[in-house]
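Notes follow the structure.
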Amino acid sequence: MWPIIGCSVLALTIILERAWVLRRRRVAPPMLLPQVLRWVRSNRLDAAQLEALRKNSPLGQILAAGLAHRSASRELMKESIEDTGRHVIAELERFLNLLGTISEVAPLLGLLGTVFGMIETFNVVSSHSVGNPSLMAHGIAVALITTASGLSVAIPALLFHRYFQSKVDALVITMEREAIYLIDTIHSERTESK
């Protein structure tokens, strides 16, 4: 039971941490891109604002990477955004593999407890005969409790793993869309001004 309890504590910690970190307003603030575009259009974007933007949010990191190369070619700007995006995605997916592993290991730990419980039951049967069912009850109880505990940890861990993975995917699509809009806007305005 101790490994199952450890898995449950770890899973709950990851779930709470990811629920806090993957809030949409924290990852991709809705008014960030319009504010950045106002800075660009009014030529008020300097190194201090880029650094503040980088620290603002994961979307801010991506936009700042592109804006740092805004005077370069479209391809270089896009490459810089993609490189930063890979790091941002890795940070958004942090601990999700561990949560997925817990969802797979917890039922196996429950099954292991079931095997130990059944071994205990058969040891009782071999040493005391089958005449007293109360002696076998403890081993059967161990088997059932560990199976139920393993499944009780695994099912929520699996559900939250899938939920957070789909949330990360949606956030990545949002950030990608906003980054592409930034690239298109900067380069179309540059073309118009020539």
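Data overview
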{"item": "Whole-Hz couplings from phi, Karplus 6.51/-1.76/1.60, listed for region 146-162; x for Gly and Pro", "result": "5, 5, 5, 5, x, 5, 5, 7, 5, 5, x, 4, 5, 4, 5, 4, 5"}
{"item": "Rg ratio (alpha-carbon, reference 2.2 N^0.38 Å) - the chain", "result": "1.63"}
{"item": "Rounded FRET efficiency, nearest 0.05, which uses the C-beta distance separating ARG86 from MET1 and R0 of 35 Å", "result": "0.30"}
{"item": "FRET efficiency, ARG25 to GLU79 (Cβ-Cβ, R0 30 Å, nearest 0.05)", "result": "0.60"}
{"item": "Ranking of ASP169, ASP46 by count of other Cβ atoms within 10 Å, fewest first", "result": "ASP46, ASP169"}
{"item": "Extension gain from GLN35 to ALA137, taking 0.36 nm per residue of separation minus the Cα-Cα distance", "result": "30.0 nm"}
{"item": "Residues listed by number, region 49-66, amide nitrogen under 18 Å from ALA170 label point at 7 Å toward C-beta", "result": "58-59"}
{"item": "Under the Karplus curve 6.51 cos²θ - 1.76 cosθ + 1.60, θ = phi - 60°, whole-Hz ³J(HN,Hα) for region 20-36, x wherever Gly or Pro sits", "result": "6, 6, 8, 5, 4, 5, 7, 7, 9, x, x, 9, 5, 4, x, 5, 4"}
{"item": "Estimated inter-spin distance, ILE145 and ARG177, nm [label 7 Å along Cα→Cβ]", "result": "5.1"}
{"item": "Phi to ³J(HN,Hα) by Karplus 6.51 cos²θ - 1.76 cosθ + 1.60 over region 10-17, Hz, x for Gly, Pro", "result": "5, 4, 5, 4, 5, 4, 5, 5"}
{"item": "Label-point separation, SER188 to ILE155 (7 Å along Cα→Cβ), nm", "result": "5.0"}
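Since every read-out is calculated from the coordinates, none of them should be taken as a lab result. Just so it is clear, the structure is predicted and the values come from calculations on it, not from any experiment. Reconstructed Cβ throughout: ideal geometry from the backbone, glycine too, with neighbour counts over all protein chains shown.
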